[in-house]
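Just below is one structure, and these are the notes that go with it.
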Amino acid sequence: MPEAPNLPDACDVAVVGGGPAGLAAATELKRHGVPRVVVLDREPAAGGIPRHCGHYPFGMREFHKVLRGPDYAGRLVARAEQAGAEIQTGVTVTDIQPGGILSLITPEGTGELQARRILLCTGVRETSRAARLIGGQRPQGVLPTGALQSLVYLEKMKPFARPVILGSELVSFSALMTCRHAGIAPQAMIEPNERVTARSFAQGLPKLLGVPVHLGCEIERIIGREQVEAVQLRDRKGRRWELACDGVLMTGRFTPEATLARMGHLELDLGTGGPRVDQDGRSSDPNVFVAGNLLRPVETAGWSWKEGLRVAQSLARDLEAPRAREVTLELQIQGDAIRYLVPQRVTLPLEEAALESIQLRVARPARGSLLIRSAGRILWGRRLSALPERRILLPLDVLKNAAPDHPVEVVFEEEEGL
Amino acid sequence: MSQADASLPERYDVAIVGGGVVGCAMARRFTLEGARVVLLEKAVDILDGASKGNSAILHTGFDAPPSSLEQRCIAEGHAEFLEIRESLGLPLLQCSAIVAAWSEEEVARLEELMDQARANGVDDIVPLSAAEIRAAEPSLSGKVKGGFRVPREALMDPWSTPHAYLLQALANGAEVRRACEVTGGQFDGSSWLLETSTEVLRAHSVINCAGLFGDLLDQRLLGETGFSIKPRKGQFLVFDKAAAQLVSSIILPVPTEKTKGIVVCRTVFGNVLVGPTAEDQESRCDSSTDAATLKSLQGKAAEIVPGLAEIPVTASYAGLRPASEQKDYRIQAYPERNYVSVGGIRSTGLSAALGIARHVLGLHQGFGPRFTAPRQPRVPEVPSRLSEYDPRAWEEAGNGGIVCHCELVTRAEIERVLQGPLPPRSLSGLKRRTRVTMGRCQGFYCTGALARITEGAFDSPLAVRAAEGEDEDA
């Protein structure tokens with residue numbers, strides 16, 4: 001096995017993924033005096049998704065400035081390097097094993113790295129056309145936003161001229177702006193739900209740009225042999241029509257890039273699609289921590305950055321003196337209105353938790369009472385009306401009153417007549 | 001026909017029409033026999049029709065109609081594949097198959113199927129009780145009632161395999177024309193003058209391997225045909241590589257009159273495949289999928305292997321089988337017109353192609369000239385080894401870095417293929433040769449880099465450069 005020449009063979013913390021979470025964590029670990037912190041990124045440059053988001057606003061939380069994605073990514077990299085983190089790009093981690101062993105691919109061949117702790121920050125990607133089970137032919141020109149943005153902002157290229165945009169999440173509007181930036185004219189935005197998913201400030205955008213929005217409408221078939229020629233749409237009433245276009249942007253429906261966890265030994269959570277963690281971001285392997293969007297789909301770069309920082313603080317404490325956390329409580333979702341929870345377990349005592357709140361998302365619009373229960377007792381409750389893809393935070397510290405030996409139940413008691 | 005055409009010299013012994021797996025195997029066989037071969041493919045790339053989407057199983061022919069031509073070609077093709085696969089670097093996953101019965105009615109048919117297998121020379125089958133199947137395949141649904149193992153059923157790479165056949169033909173002097181449709185032709189009593197969309201050429205014989213268009217080509221060249229194609233669509237789902245630990249053998253259902261039924265198996269690329277459906281249709285080129293069918297396949301998959309319910313889908317596709325109105329292959333020689341028609345190669349073409357080529361060579365010897373085989377046939381270089389179960393290019397130093405992160409395809413592999421003797425002219429061609437963008441992210445991460453690397457290589461580019469000034473702020 002040829003050894004990669006420039007890579008160390010051992011380090012204290014190996015951070016997998018050099019996006020906002022990973023770079024923030026590496027910087028913070030160095031600030032806590034951790035000797036060898038290595039960031040491994042498979043792309044030619046670190047920075048993560050913001051590298052190809054040529055738009056504003058990034059960096060308010062981190063640099064108190066409004067920056068574009070690439071500038072923001074550049075500053076995060078510079079800060080991590082200045083702090084003394086070692087950033088290795090063009091390195092793919094193919095496997096992690098118990099005991100902190102990482103298998104690597106570099107352009108020079110394969111290698112292995114032994115780390116005292118591993119921090120996974122591999123982020124999210126959008127759900128593909130195939131995983132959405134969208135039918136039709138299979139022409140080229142069906143792309144996620146991530147691919148469009150790397151084409152437009154990194155390669156200065158255009159894959160199509162008149163696409164339709166599927167989805168109405170925040171990223172869908174980012175896709176709309178990317179199109180506009182590149183001189184691409186979206187023909188329509190298509191949203192299967194009856195309302196736009198993103199928060200209100202984006203909603204006026206399509207009208208402003210003259211792009212029709214079709215709500216309650218699905219792409220039933222993609223048409224075209226070589227390049228996309230049209231999509232067949234179907235609305236709630238079963239009406240079908242064809243819309244001419246030369247591309248389809250599959251935006252949003254993010255899913256964690258959890259391949260290392262899925263193919264390896266970590267427990268996965270079906271709700272988030274990422275590894276199951278406790279409030280320190282620790283996975284089922286005590287030497288493997290997780291931060292950023294790999295924890296759950298999907299949060300902003302700034303949120304992921306903060307999470308990287310906080311998990312790094314827990315990790316640094318753990319390297320110094322692993323704390324005995326004696327009681328483990330599993331958090332259980334009751335009913336089908338809640339899509340996921342993070343963390344999925346807590347270990348008591350709760351002091352100095354990296355994840356300060358329980359993050360929750362609903363699977364569909366829901367109204368009622370959100371409750372945290374333990375052994376039949378309500379620890380916390382709130383009435384609310386919730387929409388999918390909106391951040392909902394529950395207090396973590398109420399769990400200190402939870403009964404040991406009982407799972408904590410999180411339930412959304414829905415009211416009739418919504 | 002012009003005067004010039006009439007005097008066109010006979011440059012080829014054999015013109016093979018159609019670059020599917022059968023055409024590729026045919027080109028290899030005739031070239032290795034010493035024939036001057038030209039292969040004509042109307043699409044911009046080979047493997048663009050029926051050979052584009054199949055289940056990639058190397059069949060034994062255990063369930064073929066006994067003493068049928070199909071059964072003979074599968075047996076011979078299977079044997080030759082095993083002989084040549086190492087020298088050509090062809091992946092093979094010798095995982096065996098289990099025919100699983102899910103109801104008492106199906107259990108009742110097992111005996112007859114096992115008799116049929118033995119009659120077909122597949123005499124190493126092993127009857128299995130439900131408990132034995134569960135022990136061998138612990139993730140399989142507990143509802144299985146019984147079955148039998150077919151040890152020599154295996155999995156192969158449906159694309160690099162026919163590619164290698166054609167590359168070997170090219171390495172030994174064959175020629176290939178892509179984007180070249182045969183539009184007409186005349187037989188003058190001793191040779192064929194073929195008109196194509198790009199040129200006129202003369203060949204001693206014509207071998208029709210046009211698959212889904214075989215009957216139409218017969219009509220066009222002979223004015224008659226012995227069969228008619230009834231396209232049968234099969235939709236498939238490909239599950240994430242995490243699913244590969246759930247299945248070991250190829251899980252076959254008890255077949256019906258019409259179809260082999262829904263198969264669950266791994267792929268040599270490390271995924272799990274579920275399909276195909278069997279849907280008769282008129283169109284010879286529309287291999288559309290539809291959401292309702294894909295969803296029902298997903299449900300069916302979870303019925304057979306419950307763990308698949310929790311595994312994401314990586315890809316979906318549909319293939320068209322060139323079935324005819326009869327079950328058996330429809331291979332017919334027209335010796336008085338130096339012509340062989342190879343029709344109705346429904347769903348076993350990948351397994352049988354090498355055997356079909358030998359059979360057609362035999363028919364051709366009945367009317368064609370004698371060839372002198374090259375003493376030392378060349379073995380082509382393998383451009384890319386794609387099996388997840390064999391060493392891959394990324395393990396080598398100087399791999400140029402990973403471009404496609406999901407399938408671990410290296411820059412060096414992509415460049416080798418683009419500069420090779422049969423370069424792809426479309427993304428789908430590059431996918432078949434290297435697996436780029438065929439993984440779980442379906443191009444989220446690598447489309448940008450790939451568009452740059454493939455600039456100028458494809459007829460329809462992945463992306464075009466933004467015009468000067470267009471990148472300025474909107």
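Only the coordinates and a few stated rules stand behind these numbers; no lab work does. Bear in mind that the values here come from a model prediction, so they are computed numbers and not experimental data. For neighbour counting, all protein chains shown are included, and Cβ atoms are generated from backbone atoms with ideal geometry for every residue, glycine included.
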Residue list for segment A:142-171, given a label point 7 angstrom along the Cα-to-Cβ vector of A:Asn193 and an amide N cut-off under 19 Å:
A:145, A:165-171
Each residue of segment B:436-446 in turn: what ³J(HN,Hα) in whole Hz from Karplus with 6.51, -1.76, 1.60 and θ = phi - 60°, glycine and Pro shown as x?
4, 6, 8, x, 5, 8, 6, x, 4, 8, 10
Could you give the dipole magnitude of the protein assembly as shown about its Cα centre, charging the beta-carbon of Lys and Arg +1 and that of Asp and Glu -1, in debye to the nearest 20?
1360 debye
Say a paramagnetic label sat at a point 7 Å from the Cα of A:Glu267, along Cα to Cβ; which residues of segment A:296-337 have their backbone N under 13 Å from it?
A:328-333
The answer for A:Arg125, listing residues at least 5 apart or on another chain whose modeled amide H is closer than 5 Å to its amide H, is A:Thr255, A:Glu257
Extension gain B:Val382-B:Glu310, at 0.36 nm per residue separation less the Cα-Cα distance, in nm?
22.3 nm
Given a Förster radius of 45 Å and the C-beta distance between A:Glu320 and A:Leu209 as r, what FRET efficiency does 1/(1 + (r/R0)^6) yield to the nearest 0.05?
0.25
Can you list residues whose amide H is under 5 Å from A:Cys245's amide H, if they're 5+ apart or on another chain and H is modeled 1.01 Å from N?
A:Ala230, A:Val231
Residue separation times 0.36 nm, minus the C-alpha to C-alpha distance between A:His64 and A:Asn401: what's the value?
117.6 nm
Unit charges on C-beta of K, R, D, E only; dipole of segment B:169-239, Debye:
380 debye
Just how far, in whole angstrom, is segment B:1-79 from segment A:121-152 if you go by their alpha carbon centroids?
36 Å
To the nearest 0.05, the calculated FRET efficiency linking A:Asp95 and B:Ala6 through their beta-carbon distance, R0 being 56 Å, is 0.25
Based only on the alpha carbon positions, what is the Kirkwood hydrodynamic radius of chain B, in angstrom?
23.3 Å
With only alpha-carbon atoms in the gyration tensor, what are the semi-axes of the equivalent ellipsoid for the protein assembly as shown, in Å, largest first?
52, 31, 27
Residue among A:Gly47, B:Leu166, A:Gln203 farthest towards the positive dipole end of the protein assembly as shown, charges placed on Cβ
A:Gln203
Two-decimal Rg to Rh for segment B:393-453 - Kirkwood Rh, Cα set
0.93
Under the √(5λ) rule applied to the eigenvalues of the Cα gyration tensor, what semi-axes describe the equivalent ellipsoid of segment A:128-252? Give them in Å, descending.
20, 19, 12
Percent antiparallel among DSSP beta bridges confined to chain B, nearest 5, equals 70 percent
At 222 nm, what value in deg cm²/dmol follows for chain A if DSSP H runs of at least 4 each add -39500 (n - 2.57) and the sum is divided by all its residues, to the nearest 500?
-5500 deg cm²/dmol
What share of all Cα pairs of chain A, in percent, falls into each consecutive 10 Å distance bin?
5, 21, 29, 26, 16, 4, 0
FRET efficiency estimate (nearest 0.05) - Cβ-Cβ, A:Ser357 to A:Arg377, R0 22 angstrom:
0.60
Tell me which residues come under 5 Å, amide H to amide H, from B:Val409 once H is placed; ignore anything under 5 positions away on its chain.
B:Val403, B:Cys404
Mean separation of Cα contacts under 8 Å (at least 6 apart) over the residue count of chain A, i.e. the relative contact order in percent, is 15 percent
Which residue fluctuates the most in chain A, going by a Gaussian network model with Cα springs under 10 Å, if the choices are A:Ile223, A:Ile96, A:Ile378?
A:Ile378
Counting just the Cα atoms, what span does segment A:293-347 cover along each of its three principal axes? Round to the nearest Å and put the largest first.
41, 32, 11
5 Å binning of all Cα-Cα separations within segment B:274-427, expressed as whole percents from 0 upward
1, 6, 10, 10, 11, 15, 15, 14, 9, 5, 3, 1
Please give, to one decimal in nm, the separation of the simple spin-label points placed at B:Ser68 and A:Leu348, each 7 Å out from Cα toward the Cβ.
6.9 nm
Peptide ranges A:8-18, A:302-312 listed from the most packed, as the mean C-beta count within 10 angstrom indicates
A:302-312, A:8-18
Can you give the charge dipole size of chain B about its Cα centre, rounded to the nearest 20 debye, using +1 on the beta carbon of Lys and Arg and -1 on the beta carbon of Asp and Glu?
580 debye
Would you mind estimating how fast segment B:1-97 diffuses translationally, via Stokes-Einstein at 25 °C and 0.890 mPa s with the Kirkwood radius over Cα pairs, in µm²/s?
152 µm²/s
Going 7 Å from the Cα of B:Leu216 toward and past its Cβ, which residues in segment B:250-291 have a backbone nitrogen under 15 Å from where you end up?
B:281-287
On the principal axes of its Cα set, how long, how wide and how thick is segment A:310-418? Give whole Å, largest value first.
54, 29, 18
With the dipole of the protein assembly as shown defined by +1 on each Lys or Arg Cβ and -1 on each Asp or Glu Cβ, the option from A:Gly376, B:Val403, B:Asn338 whose Cα lies farthest towards the positive pole is A:Gly376
If you build the convex hull over the alpha carbons only and average its shadow over all orientations, what do you get for segment A:36-91? Give it in nm² to one decimal.
3.8 nm²
Segment B:12-17 - phi-based ³J(HN,Hα) in whole Hz, Karplus 6.51/-1.76/1.60, Gly and Pro as x
10, 6, 9, 9, 9, 9
Using alpha-carbon positions, the gyration tensor of segment A:134-199 gives root eigenvalues a ≥ b ≥ c; with a/c under 1.5 called rounded, otherwise prolate if a/b exceeds b/c, else oblate, the class is oblate
Each residue of segment A:89-100 in turn: what ³J(HN,Hα) in whole Hz from Karplus with 6.51, -1.76, 1.60 and θ = phi - 60°, glycine and Pro shown as x?
9, x, 10, 9, 8, 9, 6, 10, 10, x, x, x
Among A:Leu355, B:Leu8, B:Leu193 the positive-end extreme of the charge dipole of the protein assembly as shown (Cβ point charges):
A:Leu355
Which distance in nm do the two modelled labels at A:Thr300 and B:Lys145 give, with both placed 7 Å along the Cα-to-Cβ direction?
6.0 nm
Considering only DSSP beta bridges with both partners in segment A:128-252, what is the antiparallel share in %, to the nearest 5?
40 percent
Mean-square fluctuation check for chain A, GNM, Cα pairs under 10 Å: which of A:Ala258, A:Ala83, A:Ala115 is largest?
A:Ala83
Count the DSSP beta bridges whose two residues both fall in the protein assembly as shown, then state the antiparallel fraction as a percent rounded to the nearest 5.
65 percent
With bins of 10 Å, the percent of all Cα-Cα pairs of segment A:187-326 per bin from 0 is 10, 27, 23, 20, 14, 5, 0
Between B:Thr256 and B:Ala119, what length in nm is gained on full extension when 0.36 nm per residue of separation is reduced by their alpha carbon distance?
47.5 nm
Sorting check: for B:132-140, A:142-150, which peptide has the highest mean count of neighbouring beta carbons within 10 Å, and how do the rest follow?
A:142-150, B:132-140
Per residue of B:391-402, count partner chain C-beta atoms within 10 Å of its C-beta, then hand back the mean as an integer.
5
